[in-house]
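Okay, structure first, notes after.
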């Protein structure tokens with residue numbers, strides 16, 4: 001029975017979950033507090049462990065959302081995960097932020113596609129395209145949005161699901177009838193099953209050398 005701590009800090013959502021045998025045992029998150037990770041991440045970890053009556057030493061692995069996303073958020077989450085893994089001597093698992101975000105969507109048929117979008121700057125987003133089965137069909141990239149950016153996915157008239165905190169940018173300029181927009185943030189909830197699958201395959205990272213997937217050079221986040 002794998003017991004995995006999951007950390008998601010790539011956006012304003014400071015999110016912590018514990019997965020036990022592929023199920024979400026506890027979820028702690030703050031979607032409203034801005035970038036509160038430095039203050040709340042370790043508090044949430046302690047609270048989550050207490051809810052399931054675990055000590056850190058009871059964990060089998062720690063999973064962290066690897067990006068892309070906020071530079072500062074990524075540094076905080078990855079540093080915490082690496083520090084805990086090193087001190088506890090347990091595996092580090094990395095989870096694609098966009099893949100986990102795509103798992104918040106449950107399409108009704110296999111022809112539908114999912115486009116997770118995380119806000120970057122101006123009209124730019126971090127994005128990729130996934131099949132209904134969550135297979136990557138267009139690579140992760142930093143993309144400047146235009147009206148016809150995803151026209152090739154609208155051609156068959158099946159629903160295209162856009163999800164993330166960057167969807168409003170595309171919703172404002174898209175005229176596609178079969179586009180559906182979900183304003184959402186990545187969460188440690190969806191990381192549970194992805195982390196369990198990687199744990200079973202021993203698909204882990206080198207704790208000493210693992211770095212977040214920034215995708216772009218550091219850009220200072222400005223509050224609106």
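By how many degrees, between 0 and 90 and to the nearest 10, does the Cα long axis of helix 191-200 differ from the longest principal axis of the chain?
60
Between residue 23 and residue 121, what length comes free when the chain is fully extended (0.36 nm per residue of separation minus the Cα-Cα distance, one decimal in nm)?
Numbers: separation 98, 0.36 × 98 = 35.28 nm, distance 3.52 nm.
Going from the current span to full extension adds 31.8 nm.
Bin width 10 Å, origin at 0, all Cα-Cα pairs of the chain: what percent of pairs per bin?
In order of increasing distance, the bins hold 8, 35, 34, 18, 5, 0 percent.
Report the full-extension gain for the segment residue 142 to residue 60: residue separation times 0.36 nm, less the Cα-Cα distance, to one decimal in nm.
Extending this stretch completely gives an extra 26.1 nm.
Between residue 38 and residue 156, what FRET efficiency follows from the Cβ-Cβ distance if R0 is 45 Å, with the result rounded to 0.05?
On the way: r = 45 Å, r/R0 = 1.01.
Computed FRET efficiency for residue 38 and residue 156 comes out at 0.50.
What is the calculated FRET efficiency for residue 171 to residue 215, with r their C-beta to C-beta distance and R₀ = 30 Å, to the nearest 0.05?
According to the calculation, E is roughly 0.85.
Within 10 Å of each residue's Cβ, count the other Cβ atoms and sort 37, 103, 42 from fewest upward.
42, 103, 37
With an 8 Å Cα cut-off and a minimum separation of 6 or more residues, compute the relative contact order for region 19-88 in percent.
29
Suppose we keep just the DSSP beta bridges with both residues in region 105-182; what percent of those would be antiparallel, to 5?
60
If the label point is 7 Å along Cα→Cβ of residue 197, which residues in region 13-30 have backbone nitrogen under 15 Å from it?
The answer is 22-23, whose backbone nitrogens lie closer than 15 Å to the label point.
Hey, what did the chain get for relative contact order, percent, Cα under 8 Å, at least 6 apart?
Once divided by the residue count of the chain, the mean separation gives 23 percent.
Mind checking the full-extension length gain between residue 183 and residue 88? Use 0.36 nm per residue of separation minus the Cα-Cα distance, one decimal, nm.
Between residue 183 and residue 88, full extension yields 30.5 nm more.
Compute the relative contact order of region 105-182 as a whole-number percentage, counting only Cα pairs closer than 8 Å that sit 6 or more residues apart in sequence.
The normalised contact order for region 105-182 reaches 31 percent.
By how many degrees, 0 to 90 and rounded to 10, does the Cα axis of helix 37-51 deviate from the longest principal axis of the chain?
60
From the helices alone, meaning DSSP H stretches of at least four residues, give me the mean residue ellipticity at 222 nm for the chain, per-run term -39500 (n - 2.57), in deg cm²/dmol to the nearest 500.
Details: 6 runs with 58 residues, N = 224.
My calculation for the chain gives -7500 deg cm²/dmol from helical runs alone.
Most mobile of 74, 27, 101 per a Gaussian network model of the chain (Cα springs, under 10 Å)?
Highest fluctuation among the options: 27.
Nearest 10 degrees, 0 to 90: what angle lies between the long axis of helix 71-88 and the longest principal axis of the chain (Cα atoms)?
30
Ranking 122, 75 by Cβ neighbours within 10 Å, fewest first, what do you get?
122, 75
Against the empirical 2.2 N^0.38 Å scaling, what ratio does the C-alpha Rg of region 105-182 come to?
In units of the 2.2 N^0.38 Å rule of thumb, it is 0.99.
Only the coordinates and a few stated rules stand behind these numbers; no lab work does. Because the structure is a prediction, the values reported are computed rather than measured. Neighbour counts run over all protein chains shown; Cβ positions are idealised from the backbone, glycine included.
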